[in-house]
Amino acid sequence: MIMHSLLRLFGYNLSPIRDIDSSAMTLAWGWAGLVLLLIALLPLSWWVYRCEGKNISDKMRRQLLAIRVLWVILLAILMCGPVLIVSGYVPQRNRLAVMIDTSRSMSIKHKEVSRLDQIKKLFESGFIGQLEEKTGIYPEVFSFADNVSPVSRQEVEQFSLNPDGNQTDISNAVRNVVGNLGEGSLLGIIMLSDGVSTTGDNPAMALANMRTPVHFVAPGQEGESADMALHLTRPPAQGYLNSSVRVRGEVSLHRVATSSVTVTVRRNGEFFTSATADFASATEKAAFAFNIPCEEEGNFRFELEIPALENELTNENNQTGFLLKVVRERLNIMALSGRLSWDMKFIGNALLTDPNARTVHWTRLRDNRWVCARDLKPEAAQNNPDLREDLKIADVLVLYSADYDMLKPLEEEIIRRVEAGTLGLLLMPSSKNFGELGYQGTQIEKLLPVLTSSESWRGTPGNLVLPSAETPYNFLRLIDDPIQNVEFFATLPRFEGIYEYAGLKPGSEVLVSSTVRSSSDTIPFMIRSRAGLGNVVLISGGPLWPAGFRLVPSDRGFAPYSALVVNMCKWLANRREDAQVSIELASSRGYVGQGNNVRVWVMNSKNELQANAQVSLTITDERAGSTSLPCIETSEKGCYETAFIPAFRGLHRLEAEARYQGRELGRAKSEILIEFSTAEFDEPIVKTSLMTQLASDTGGIFATVDQASKIVEAIDAEPGQKLESKSIDLRDSWLLLIILLVLPMVEWYLRRIRGLS
């Protein structure tokens with residue numbers, strides 16, 4: 001307090017600091033500069049008075065010397081640029097945040113009243129008014145689900161919120177509110193939620209270091225009702241004529257005692273078959289499976305359903321569906337490798353998981369003989385085999401450590417077919433870089449999506465990163481839900497290393513990146529480019545087999561890299577229904593409220609990609625009717641893109657029309673099945689234990705709706721304050737300037753009255 005008054009006396013402005021906690025002084029010249037300056041000036045001052053005449057007393061000499069020394073020290077300090085750093089407390093405007101969960105799980109009813117309606121009744125009883133009376137401030141209210149949105153006072157009074165969010169991210173919601181309001185000014189956060197967090201970071205980890213108490217108010221009661229849920233495991237999107245497709249799924253139980261559950265399957269609205277999920281004792285999950293014989297070409301809609309229980313928590317997770325497209329030709333894959341490798345064995349095994357894919361794999365041995373394996377059945381080694389017949393029928397060519405000498409007899413045919421769009425090319429990582437493979441200066445090099453002037457191997461890959469949840473490429477959808485798919489990629493097993501190239505060629509696109517452990521940078525992991533009408537994909541990380549054979553540490557139950565290889569080969573096959581216009585969807589399934597990217601490819605009568613066309617997409621669903629959307633031309637020639645967010649569940653029919661200079665080039669049709677995302681209903685119980693833990697970890701409390709008054713009583717309404725620092729230039733004081741002028745005058749006056757010069 002004394003220091004605060006002294007600084008004010010000297011005319012220094014401390015605003016907004018009120019209470020000083022600590023202070024420190026720094027010098028622009030440094031303390032060493034001050035010492036050197038004093039060493040130079042103080043002896044001079046002493047010498048001046050040492051040489052004065054006898055007519056001055058020792059007492060007067062000491063007084064004059066003291067004045068001179070004080071003046072020199074003050075001058076020296078000011079010459080060194082003194083800055084006083086003061087730390088103290090600044091009063092803060094108290095704030096209180098109230099967050100309301102508006103995700104779809106809040107629509108679940110307890111005793112005929114939804115969870116959100118319970119919150120509504122709490123507000124109608126004067127909960128916000130009680131908080132305002134206790135703290136003296138009106139709380140700032142937010143709704144959260146997929147995103148965080150402020151709720152106006154009028155909206156709070158009317159309580160017009162709806163439980164329509166498809167995802168809940170508690171961690172991000174809290175960070176968003178703290179970032180907007182400032183942690184230091186918050187009296188607390190009151191979260192009204194069921195605790196169901198379906199995306200984002202683990203709330204227990206994200207809130208561990210919170211300095212603001214987070215209180216939870218929960219509707220309903222944990223375990224109040226029973227529930228059954230139906231899930232599909234990566235439903236098939238395509239089948240081949242005269243074969244069959246295996247469909248797998250799972251039924252989960254909560255507070256239900258049963259030995260089996262029947263799954264009813266309908267095709268195009270009519271009964272098709274049924275499957276049974278058998279439960280062993282004390283298990284809560286059971287798998288089921290059934291076969292679909294592909295006896296005719298076309299698109300087929302399949303709907304699956306399990307019976308609803310009386311007073312079940314929710315029926316939203318009791319049904320699901322998918323679309324199946326049956327085509328005539330099977331997939332033909334040709335692989336070329338320059339050596340025996342575990343990676344190619346892994347790829348071969350992965351392709352065998354699809355019974356509708358035929359694979360032929362040629363490997364050149366060290367003695368220049370060739371070994372052929374057709375669907376993993378090795379044939380005798382051969383000298384100089386003719387590979388052109390296998391290449392002629394191949395839909396996809398996979399290259400692994402295949403040097404230019406191996407490819408030279410096939411180079412012309414590879415280039416022709418890739419550019420014509422009848423052959424997809426997949427380049428896999430290997431121990432040899434492109435420089436060692438001898439691609440420089442060849443036609444094969446022109447197909448590469450990267451610049452190979454410099455290549456370096458980095459043995460520190462990190463997590464895989466998808467650029468966007470709304471990817472237009474279906475082979476990147478390992479998980480149906482696009483948001484969950486992004487998170488799923490980040491959990492995939494890591495590789496040993498990754499190649500870093502000089503750069504990307506114009507038109508190349510990074511499909512997947514990899515973080516680097518030593519930095520926050522990312523390196524392209526999977527790169528795509530177009531050569532004419534064909535697609536080329538390069539995977540720059542590896543090897544595949546150590547990570548590829550591992551299951552993801554979850555209950556998904558499949559090897560993700562095997563699925564990725566199979567999906568990619570199907571996409572690279574590039575089989576279009578229409579020669580001039582085609583529709584490309586990331587998936588044949590979408591979700592209400594989530595974006596869906598649609599690409600339309602347009603060619604002219606010469607089978608050339610057409611730029612500057614006018615493309616529109618008409619979307620028709622069973623409830624909303626038809627909507628027409630313009631498609632915007634992308635950086636890729638002949639590619640046009642748009643996106644739509646469906647509002648209703650059901651089959652959506654898509655029709656694209658392309659025109660050029662007033663003339664119609666063609667039309668294309670496709671379908672997408674829109675479902676409700678079941679993420680909010682996978683575990684629909686109220687997470688009482690989780691919310692209790694989060695409240696305890698942050699210094700808050702947990703209460704049910706009926707106990708909400710406990711939260712009001714727990715809020716600390718003391719004025720907030722924040723520790724801040726302020727720098728004060730001591731040369732800015734008018735009082736110090738006066739002292740600096742007055743001291744020489746006093747010295748002069750004393751010398752004058754003693755008759756000194």
Any idea which residue in the range 610-644 is surrounded by the fewest Cβ atoms within 10 Å (Cβ to Cβ), counting only those that are in contact with a Leu (Cβ under 7 Å, 6 or more places away or on another chain) and aliphatic (A, V, I, L, M)?
LEU629
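Restricting to the range 419-444, name every residue that is closer than 19 Å to SER337 by Cβ and in a helix (DSSP H, G or I). Before you say what the answer is, go through the steps one by one.
From the range 419-444, those closer than 19 Å to SER337 by Cβ are 423-439, 442, 444; that's our starting set.
Selection gives PHE434, GLY435, GLU436, LEU437, ILE444.
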Only residues in the range 604-624 that are in the same structural domain as SER635 (by TED's automatic domain parsing) and at positive phi count as the first member; pair them with residues that are surrounded by 15 or more Cβ atoms within 10 Å (Cβ to Cβ) and of a type in the set (Asp, Glu), Cβ under 9 angstrom, at least 6 apart or cross-chain, and list the lot.
ASN612/GLU633
Residue check: is ARG358 at pLDDT 80 or above and basic (Lys, Arg)?
yes
Considering each residue of the range 176-201, count those that are touching an Asp or Glu at 6+ places or on another chain (Cβ under 6 Å), of a type in the set (S, T, N, Q) and surrounded by fewer than 24 Cβ atoms within 10 Å (Cβ to Cβ), and give that number.
1
Restricting to the range 232-252, count the residues that are of a type outside the set (D, E, K, R), closer than 25 Å to GLU312 by Cα and surrounded by fewer than 19 Cβ atoms within 10 Å (Cβ to Cβ).
1
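Any idea how many residues of the range 452-469 are over 19 Å from THR515 (Cα atoms) and either among the β-branched types (Val, Ile, Thr) or surrounded by 16 or more Cβ atoms within 10 Å (Cβ to Cβ) (or both)?
Kept after step one, since they are over 19 Å from THR515 (Cα atoms), are these residues of the range 452-469: 452-454.
Checking the rest, the ones that are also either among the β-branched types (Val, Ile, Thr) or surrounded by 16 or more Cβ atoms within 10 Å (Cβ to Cβ) (or both) come to 452.
Looking only at that region, the number is 1.
Matching residues to (1) over 28 Å from LEU323 (Cα atoms); (2) surrounded by 19 or more Cβ atoms within 10 Å (Cβ to Cβ); (3) of a type in the set (Ser, Thr, Tyr):
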site	(1), (2), (3)
PRO506	yes, no, no
PRO524	yes, yes, no
GLY534	no, yes, no
SER540	yes, yes, yes
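Give ARG234, ARG246, ARG255, ARG266 a once-over and let me know the one that is within 16 Å of VAL326 (Cβ to Cβ) and not hydrophobic (A, V, I, L, M, F, W, C). Before you say what the answer is, go through the steps one by one.
Details: ARG234 fails: within 16 Å of VAL326 (Cβ to Cβ); ARG255 fails: within 16 Å of VAL326 (Cβ to Cβ); ARG266 fails: within 16 Å of VAL326 (Cβ to Cβ).
Criteria check complete, one pass: ARG246.
Is it the case, given these coordinates, that GLY503 is in a loop (DSSP other than H, G, I, E, B) and farther than 30 Å from TYR591 by Cβ? Working first, answer last.
Numbers: in a loop (DSSP other than H, G, I, E, B): no; farther than 30 Å from TYR591 by Cβ: yes.
Answer is no for this residue.
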(1) of a type outside the set (S, T, N, Q); (2) over 30 Å from THR314 (Cβ atoms); (3) at pLDDT 75 or above; (4) buried (at least 17 other Cβ atoms within 10 Å of the Cβ): which one isn't true of ALA76, the others all being true?
(3)
How many of the residues making up the range 300-327 are in contact (Cβ under 8 Å) with a residue 24 or more places away in the chain and under 33 Å from the mean Cα position of the chain (by Cα)?
17
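Tally the residues that are within 30 Å of LEU407 (Cα to Cα) and of a type outside the set (Lys, Arg), restricting the search to the range 442-501. Can you show your working first?
Step one: filter the range 442-501 for residues within 30 Å of LEU407 (Cα to Cα), giving 442-459, 473-476, 495-501.
In the following step, the residues that additionally are of a type outside the set (Lys, Arg) were identified as 442-445, 447-457, 459, 473-476, 495-501.
The qualifying residues number 27.
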The lone condition ASP201 fails out of (1) more than 20 Å from THR102 (Cα to Cα); (2) at pLDDT below 85 is (1)
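Among GLU641, GLU664, which is free of Cβ contacts under 8 Å to residues at least 12 places away in the same chain, over 30 Å from VAL217 (Cα atoms) and not in a helix (DSSP H, G or I)? Walk me through it before giving the result.
Details: GLU641 fails: free of Cβ contacts under 8 Å to residues at least 12 places away in the same chain.
Unique residue meeting the criteria: GLU664.
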For the range 263-301, how many residues meet the condition of being of a type in the set (Gly, Ala, Ser) and either surrounded by fewer than 11 Cβ atoms within 10 Å (Cβ to Cβ) or farther than 23 Å from ALA229 by Cβ (or both)?
5
Every residue in the range 146-155 that is at pLDDT below 90 and either aliphatic (A, V, I, L, M) or buried (at least 17 other Cβ atoms within 10 Å of the Cβ) (or both), please.
ASP146
Scanning the range 723-756 residue by residue, the ones that are under 30 Å from ASN94 (Cβ atoms) and either modelled with pLDDT of 70 or more or surrounded by 14 or more Cβ atoms within 10 Å (Cβ to Cβ) (or both) total 5
For the range 360-378, which residues satisfy the criterion of being part of a strand (DSSP E or B) and out of contact with any Ser or Thr (no Cβ under 6 Å at 6 or more places or on another chain)?
VAL360, HIS361, TRP362, ARG364, TRP370, CYS372, ALA373, ARG374, LYS377, PRO378
Looking only at the range 79-109, and only at residues there that are of a type outside the set (A, V, I, L, M), outside any helix (DSSP H, G or I) and in contact with a Pro (Cβ under 7 Å, 6 or more places away or on another chain), the one that is surrounded by the most Cβ atoms within 10 Å (Cβ to Cβ):
SER103
I need the full set of residues from the range 731-742 which are assigned to a helix (DSSP H, G or I), over 11 Å from LEU74 (Cα atoms) and within 60 Å of the chain's Cα centre (by Cα), in order please.
ASP732, TRP734, LEU735
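Conditions tested, residue by residue: (1) among the basic types (Lys, Arg); (2) within 17 Å of ALA402 (Cβ to Cβ); (3) part of a strand (DSSP E or B).
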{"residue": "LEU340", "(1), (2), (3)": "no, yes, no"}
{"residue": "ASP343", "(1), (2), (3)": "no, yes, no"}
{"residue": "ARG358", "(1), (2), (3)": "yes, no, yes"}
{"residue": "ALA380", "(1), (2), (3)": "no, no, no"}
{"residue": "ASP386", "(1), (2), (3)": "no, yes, no"}
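So in the range 147-175, with the set limited to residues that are more than 24 Å from the chain's Cα centre (by Cα) and either acidic (Asp, Glu) or not assigned by TED's automatic domain parsing to the domain that holds SER125 (or both), which one is nearest to GLY595 (Cα to Cα)?
Within the range 147-175, the first condition is being more than 24 Å from the chain's Cα centre (by Cα), and the residues that meet it are 151-162.
Next, from what is left, pick out any that are either acidic (Asp, Glu) or not assigned by TED's automatic domain parsing to the domain that holds SER125 (or both): 155, 157.
On the way: GLU155: 27, GLU157: 32 Å.
Among residues in the range 147-175 that are more than 24 Å from the chain's Cα centre (by Cα) and either acidic (Asp, Glu) or not assigned by TED's automatic domain parsing to the domain that holds SER125 (or both), the one nearest to GLY595 (Cα to Cα) is GLU155.
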Just to be sure, is ALA275 assigned to a loop (DSSP other than H, G, I, E, B), among the aliphatic types (A, V, I, L, M) and over 33 Å from the mean Cα position of the chain (by Cα)?
no
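Suppose the filter is under 34 Å from the mean Cα position of the chain (by Cα), at pLDDT 85 or above, not assigned by TED's automatic domain parsing to the domain that holds GLN238 and not polar (S, T, N, Q); does TYR404 pass it? Before the answer, list the steps.
Numbers: under 34 Å from the mean Cα position of the chain (by Cα): no; at pLDDT 85 or above: yes; not assigned by TED's automatic domain parsing to the domain that holds GLN238: yes; not polar (S, T, N, Q): yes.
The answer is no for TYR404.
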Residue that is more than 26 Å from LEU585 (Cα to Cα) and assigned by TED's automatic domain parsing to the domain that holds PHE302, where the choices are VAL251, VAL178, VAL196:
VAL251
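The values are calculated or read from the model by the stated rules, or taken from the named source; none is laboratory data. All values derive from a computational prediction rather than experimental measurement. Heads up, the Cβs are rebuilt from the backbone with ideal geometry, glycines too, and the neighbour counts pull from every protein chain shown.
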